[in-house]
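Taken together, the values in this text are just the output of simple stated rules run on the coordinates, not laboratory data. Predicted model only: the values in this text are computed from it and were never measured. Using ideal geometry, Cβ is built from the backbone for each residue, glycine included, and neighbour counts are taken over all protein chains shown.
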Amino acid sequence: MAKWKLLLTTLPYMVIALGTKLAIEHFLQFEGVVEFSDIGLVLTGGVFLIGFMLAGTMADYKESEKLPAEVACALEAIEETFAQAAASKPAIDLAESRKAVLRAGEAIHDWLFRKIDQRQMYAALDELGVAIQQLEKAGATPLGVRAMNELATLRKLTTRIGVISRTGFLASGYALLETLTIVILGLLVISKFKSMLAEVVLIPFVTLIYVYMIRLIRDIDDPFEYEEGGVKGAAEVELFPVEEYLERLRARTAAASKP
């Protein structure tokens with residue numbers, strides 16, 4: 001149902017627009033002052049602006065689709081580094097090292113779903129950095145350097161996610177698009193239609209296009225807008241690379257803890 005959520009929640013706007021037009025005609029006997037065909041230029045301008053805003057937000061969205069997989073790869077690379085170090089340095093506790101990676105991964109996941117704030121997520125990454133430092137103390141300096149580089153990559157990825165999530169695309173563009181949409185809906189109300197059928201079909205249809213697209217663009221603008229409690233919206237990027245890696249890591253951690 002996630003893909004239909006945005007459409008279903010836009011239906012009330014269609015009903016309101018059509019209801020307003022019919023109420024004005026019925027109670028005020030107002031048939032309109034401008035022909036629907038005369039507002040074609042305004043409709044075209046709105047479509048052009050929608051295309052411009054959509055293209056801008058899609059650029060960040062396409063980049064965002066790659067980030068969860070890169071986060072998962074960075075976490076798994078750190079885990080594999082711990083495993084390589086433990087194979088040659090018995091002093092390294094692989095089970096505890098994996099738990100540090102797991103805590104960092106779960107913190108990133110919880111941060112994305114608004115269960116913890118960004119400072120708490122970074123604190124978990126700091127704890128992972130402390131665990132990586134144990135590699136140098138155990139004499140596995142090259143592997144420690146490799147793991148620290150992966151941790152730096154992980155910090156860059158999470159910081160980029162935070163920037164994309166908290167930065168909106170071109171506020172002045174949104175202002176113009178919303179203003180133009182209000183103008184178009186107002187023109188629909190005062191327009192004349194050749195028949196009742198055209199009125200009943202065109203008003204909801206035009207309202208759907210503009211209101212739906214504004215809401216869709218806003219949704220795409222933050223592709224990491226997951227709801228607290230683990231609910232994903234209609235236009236958020238998939239997190240299955242991170243979630244599937246965490247499942248594998250939990251399984252390995254649980255298997256290692258068995259006597």
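Observations on the model:
- Amide H contacts of residue 30 (H built 1.01 Å from N, under 5 Å, at least 5 apart or other chain): 25
- Dipole magnitude (debye, nearest 20) for region 2-224, charges at Cβ of Lys, Arg, Asp, Glu: 160
- Projecting the Cα atoms of 185, 138, 153 onto the charge dipole of region 2-224, computed from C-beta unit charges around the Cα centre, puts 138 farthest toward the positive end.
- Taking all Cα pairs closer than 8 Å and separated by 6 or more residues, the relative contact order of the chain comes to 39 percent.
- Taking 17 Å as the straight-line reach from the Cα of residue 66, the aspartates and glutamates in range (excluding those fewer than 8 positions away in the same chain) are 76, 150, 221, 222, 225, 236, 238, 243, 244.
- With a threshold of 20 Å on the Cα-Cα distance, the over-threshold entries among 62/156; 99/156; 21/192 are 99/156.
- Proximity of backbone amide H atoms, modeled 1.01 Å from N, is registered between residue 192 and 33, 34, 35, 36 at under 5 Å, excluding neighbours fewer than 5 places apart on the same chain.
- Calculated mean residue ellipticity at 222 nm for the chain: -28000 deg cm²/dmol, from DSSP H runs with n ≥ 4 weighted as -39500 (n - 2.57), summed, divided by the residue count and rounded to 500.
- Peptides 98-110, 38-50, ordered by how many other C-beta atoms sit within 10 Å of their residues on average, highest first, read 98-110, 38-50.
- Cleavage-rule hits, trypsin sites (Lys or Arg not before Pro), region 145-250, DSSP coil, Cβ neighbours within 10 Å at most 12: 194
- Only aspartates and glutamates eight or more places from residue 194 in sequence, or on another chain, were considered; those with a Cα closer than 17 Å are 25, 31, 35, 38.
- Sites listed here are GluC sites (Glu not before Pro) in region 156-237 whose DSSP assignment is loop and whose Cβ has at most 11 other Cβ atoms within 10 Å: 228.
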